[in-house]
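Report on the structure given below.
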Amino acid sequence: MRARYGIPLGITAAGAAGLLYAAGFEARSFRLRRVTVPVLPSGMRPLRVLHVSDIHMVGGQRKKQRWLRSLAGLRPDFVINTGDNLSDPEGVPEVLDALGPLMEFPGAYVFGSNDYYGPTPRNPGRYLIEKLQGRHGLNGNPPVVGAVHNPWEDLRDGFDSAGWLNLTNTRGTLKIEGTSVELTGLDDPHIKRDRYLEVAGGPSDAADFSMGVVHAPYLRVLDSFTADGYPLILAGHTHGGQLCIPFYGALVTNCDLDTDRVKDLSTHTADGRTSYLYVSAGCGTSRYTPVRFACPPEATLLTLVDRDQGGLR
């Protein structure tokens, strides 16, 4: 009798231990990733960009809030927030409080679907099914019915009042110690709110440096930014796969991006041009799947340096 139940009980115990680790430790094990990207015009001074994404704030997440506030000690030149700040309709005050010290620096933001709509319980296996069927978000799936609407306007007003640029299907420019940084942003492609034609045309000749910003790194968006000549694109959304297999990696990206580029620095090529792509693994999870495995929560300090130091030409 013991032999019959030994293996199932062992598997159950291992599964319980893995779940405890994924929810109790790794999902709260916040990391700072540091990445150098050779994209600036020759002779331009380095720029330090703090990239924050997918906070998915739920009330009472004090450790996450303290960690986010501590990032101000990095003293970045500017901050980019690529969306999905909320996972709780009541979370706006805590997001604004956690990001308050960072909002003392120049910055810009785009929103993700979870800023607009509250999460709902979902079988994680559906992400694998949708990947196999080529359906993600509203890109191929039926419209969402009965969604909870988050108070995104309050979040927008808080960011705007701090002077952060709203890049919702528009362009903006930051002045960093005399350097002009042009930012071209899109609303979330995951729910078909992106309108690239409204910002098409490529970098402005008046800017010292230009980059693209979007929440979900769908290929149509990456193709457009790259073909238009943006040397760098920042995105989030994927959670780095969130539940990964050690020594293998992510199983899904929750968009049509391949799993090899689910997080970190890579490149994207379209129409004979190549751009750098940085996808943040984010620092949160949906409130209904509060686990991470082999994919710690993160923010990233990107140091942009002279392209003559290596990389794309």
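The values are calculated or read from the model by the stated rules, or taken from the named source; none is laboratory data. The structure displayed is predicted, hence computed values, not measured ones. Cβ coordinates were reconstructed from backbone atoms using ideal geometry, including for glycine residues, and neighbour counts include every protein chain displayed. Ligands, DNA and RNA are stripped out before the accessible areas are found, and what is left, the full protein with its side chains, is counted by its heavy atoms. Shrake-Rupley method; radii C 1.70, N 1.55, O 1.52, S 1.80 Å.
Screening residue 180 with (1) open to solvent by 50 Å² or more (accessible area, probe 1.4 Å); (2) in contact with a strand residue (DSSP E or B) (Cβ under 9 Å, 6 or more places away or on another chain) gives one miss only, at (1). Only strands (runs of 3 or more DSSP E) whose full extent lies in the range 254-308 are considered here, and the ones with at least 2 residues that are buried (at least 19 other Cβ atoms within 10 Å of the Cβ) and either touching an Asp or Glu at 6+ places or on another chain (Cβ under 8 Å) or at pLDDT 95 or above (or both) are 273-279, 298-306. Within the option set 52, 92, being surrounded by 14 or more Cβ atoms within 10 Å (Cβ to Cβ), under 23 Å from residue 258 (Cα atoms) and at pLDDT 95 or above holds for one residue only, 52.
The rows are residues; the columns are (1) at pLDDT 95 or above; (2) among the β-branched types (Val, Ile, Thr); (3) farther than 17 Å from residue 153 by Cα.
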position	(1), (2), (3)
70	yes, no, yes
79	yes, yes, yes
114	yes, no, no
121	no, no, yes
126	no, no, yes
129	no, yes, yes
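From the residues in the range 191-205 that are in a loop (DSSP other than H, G, I, E, B) and within 15 Å of residue 230 (Cβ to Cβ), which one is nearest to the chain's Cα centre (by Cα)? That would be 194. Only residues that are surrounded by fewer than 18 Cβ atoms within 10 Å (Cβ to Cβ), under 25 Å from residue 134 (Cβ atoms) and either touching a helix residue (DSSP H, G or I) at 6+ places or on another chain (Cβ under 6 Å) or of a type in the set (Gly, Ala, Ser) (or both) were counted in the range 183-234, giving 1.
From the residues in the range 258-313 that are charged (D, E, K, R) and free of Cβ contacts under 8 Å to residues at least 12 places away in the same chain, which one is nearest to residue 31 (Cα to Cα)?
For the range 258-313, the residue satisfying everything is 260.
Which of the residues belonging to the range 129-159 are farther than 24 Å from residue 79 by Cβ and open to solvent by 80 Å² or more (accessible area, probe 1.4 Å)? Residues satisfying the conditions are 129, 131, 132, 133, 142, 143, 144, 145, 149.
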